[in-house]
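Right, one structure below, let's go through it.
The values are calculated or read from the model by the stated rules, or taken from the named source; none is laboratory data. If you're wondering where the values come from, they're calculated on a predicted model, not measured in any experiment. Cβ sites come from the backbone with ideal geometry, for glycine too, and all protein chains shown count toward neighbours.
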Amino acid sequence: MNGPGTTPTERELIVTGIGGQGVQLAASALAHGAMAEGRAVQLFGSYGGMMRGGDTTATLVVAAESVTAPPTVGSTWSAILMHHDHAPATIARLRADSVAFVNASVWQGPLDRDLCRVVDVPATDIATDLGSPLVASMVMIGAYVATTGLVGLDALTGAAHETLPAYRAHLADGNEAAIREGYDHMTGSSGLVAWPTAETAP
């Protein structure tokens, strides 16, 4: 666990949105990317009964050693908010030292920007420019790792290919392009480094 004045050994991320935005796939890619870099990972997904439009949330804990956090966390170091619907429960878990990545293309809900650091990413707009609004979650995780270094870019893009089911393998190149576009969008931004004592992977 992380305590005041200690080097962080665990980092939490909650990804939330609506069904059809690729929340679970994005979280899975981050989880597999972290495992590829030798970290311990715990991933817990939950979603409503509707295929599209219902609530969907994924909780990811990444640790330098074994994970000690429970499957659902009471507070989080970071969040990715893909849509304002169903986001309040995640916002309530943000800490003062946390960072929230907001899909600025669609966000209409209230968000106290004094609560934590907020990073606006026009993920759906970027995805649309790439030819597929459905890859907005891939754009967002690219922006997320560019800012936090939770996972290296190469590990993430590799994992994005590996986590696609066989019947969606033809989407792999598009997902990788979206991740890289999100990453490049954040080039030059002030980072909030997940692992301050470790070198961030390229």
Review point. Restricting attention to segment 166-190, which residues are within 17 Å of the chain's Cα centre (by Cα) and among the aliphatic types (A, V, I, L, M)?
Key: A177, A178, I179, M186
Practice item. Keeping to segment 100-155, report how many residues are assigned to a loop (DSSP other than H, G, I, E, B) and not hydrophobic (A, V, I, L, M, F, W, C). Key: 12
Exercise for review: Could you check, for segment 160-176, whether at least one of its residues is buried (at least 23 other Cβ atoms within 10 Å of the Cβ), of a type in the set (G, A, S) and closer than 11 Å to A26 by Cα?
Suggested key: yes
Practice item. Specify the residue that is modelled with the highest pLDDT; the eligible residues are those in segment 13-42 that are more than 10 Å from the chain's Cα centre (by Cα), assigned to a strand (DSSP E or B) and surrounded by 20 or more Cβ atoms within 10 Å (Cβ to Cβ). Key: G17
Check your understanding: Can you tell me which of G142, G182 is under 25 Å from D85 (Cα atoms), of a type outside the set (A, V, I, L, M), at pLDDT 95 or above and in contact with a Lys or Arg (Cβ under 9 Å, 6 or more places away or on another chain)?
Key -> G142
Exercise for review: All but one of (1) at pLDDT below 95; (2) under 18 Å from G19 (Cβ atoms); (3) surrounded by 15 or more Cβ atoms within 10 Å (Cβ to Cβ) hold for S98, so report the exception by its number.
Suggested key: (2)
Practice item. Within segment 77-96, work out how many residues are closer than 12 Å to L115 by Cα and part of a helix (DSSP H, G or I). Key: 1
